[in-house]
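Following: one structure in C-alpha cells, then a few remarks.
The values are calculated or read from the model by the stated rules, or taken from the named source; none is laboratory data. The structure presented is a predicted model; accordingly, all values stated were derived computationally and were not measured. Here Cβ is always computed from backbone atoms with ideal geometry, including for glycine, and neighbour counts include all displayed protein chains.
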Amino acid sequence: MYSDAALTQPRQRGVTLIELIMFIVIVSVALASIIAVMRITTANSADPLRRKQALMIAEGLLEEVRSAGFTRCDPSDPAGDDPANPACTIPENWGQVAPEPVNPRPFDNINDYVAQPNVAVAAFNNAAGVLVDVSGQPVGVDGYTATLMVSPAQLGGFGVAGGSAANTDVLRIRVSVAFGGDAPVVLDAYRMRYARGFQ
C-alpha cells in the first residue's frame, strides 16, 4: 500500500489547464478594452483643438456683425437717423439694394450681411467661396465653413418674433461654424435698437 513517506511528502502545487485558459481569456478581454479606448482617444484627440478653432472663428464673426450699426436709415442717408426726422430717404433694408450704396465688409449695418431674414447664408465667403476675415484675407484654416442668419426677434416685449421686416427693433444674430462631420459650433446674440438715433 502506501508508505508513510509518500503520505508526508508535500503535494505539488500549480495551476491547472482550465485555470490557465481562464486567466488568458480575462487578460485578453481587459487588454482589448484598453486598446479600444486608446484607439478612440487617439482618433479624437484633434477634435478639441478643431472645436476650439471653430469657436474662435464663430466668436470673431459674431463680434464683427454685432459691431455693425443698427439704424433705420442707411448711414449715407442725407436725412440721417434723427428722431426729429422720421422719414428716411434711403431706408435700411435686407442686403445692399439700391439706392443704398454697395460697401465692402465690414458692412455699415447688420441688415447688410444678409439678403433676406431667417435664412442661413455663407455671408463671410469671398467670390471664390473661401472663408475670409473682415479685411478679405482667407482665414487660413481648411475644412471650416461659416454661415450667418439674421432674424427679427422679440425680446422683453420689443420687436416682432418671426417677422421679416427690416425695420424691426430687435434682431437675433446666429453664426454657425462647421468643421468635418462634427456638430457645428453655433453662437447666438441679440441686437436691440433702444431708441431712434442710437446704434
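Do we find a residue being closer than 30 Å to Lys52 by Cβ and at pLDDT 85 or above anywhere in segment 152-167? Working first, answer last.
First pass over segment 152-167, keeping only residues closer than 30 Å to Lys52 by Cβ: 153, 155.
Then keep just the ones that are at pLDDT 85 or above; that gives 153.
Yes, segment 152-167 contains a residue that is closer than 30 Å to Lys52 by Cβ and at pLDDT 85 or above.
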- Message: When you scan segment 162-183, do you find a residue that is surrounded by 15 or more Cβ atoms within 10 Å (Cβ to Cβ), basic (Lys, Arg) and without any contact (Cβ under 8 Å) to a residue 40 or more places away in the chain, even just one?
- Response: yes
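State yes or no: is Asn118 of a type outside the set (Asp, Glu), within 16 Å of Tyr190 (Cα to Cα) and modelled with pLDDT under 80?
Details: of a type outside the set (Asp, Glu): yes; within 16 Å of Tyr190 (Cα to Cα): yes; modelled with pLDDT under 80: no.
So Asn118 fails the test.
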- Query: So which residues in segment 11-64 are at pLDDT 90 or above, among the small types (Gly, Ala, Ser) and more than 28 Å from Val175 (Cα to Cα), if there are any at all?
  - Reply: Ser28, Ala30, Ala32, Ser33, Ala36
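Val114 - would you say it is in contact with a Leu (Cβ under 8 Å, 6 or more places away or on another chain), surrounded by 20 or more Cβ atoms within 10 Å (Cβ to Cβ), of a type in the set (A, V, I, L, M, F, W, C) and over 27 Å from Gln53 (Cα atoms)? Even if it seems obvious, please write down each step before you answer.
Details: in contact with a Leu (Cβ under 8 Å, 6 or more places away or on another chain): yes; surrounded by 20 or more Cβ atoms within 10 Å (Cβ to Cβ): yes; of a type in the set (A, V, I, L, M, F, W, C): yes; over 27 Å from Gln53 (Cα atoms): no.
When the stated conditions are applied, Val114 does not pass them.
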- segment 94-109, residues that are at pLDDT 85 or above, out of contact with any Ser or Thr (no Cβ under 9 Å at 6 or more places or on another chain) and not aromatic (Phe, Trp, Tyr): Gly95
- Message: When the residues of segment 65-79 are narrowed to those that are surrounded by fewer than 16 Cβ atoms within 10 Å (Cβ to Cβ) and not hydroxyl-bearing (Ser, Thr, Tyr), which ends up modelled with the lowest pLDDT?
- Response: Ala79
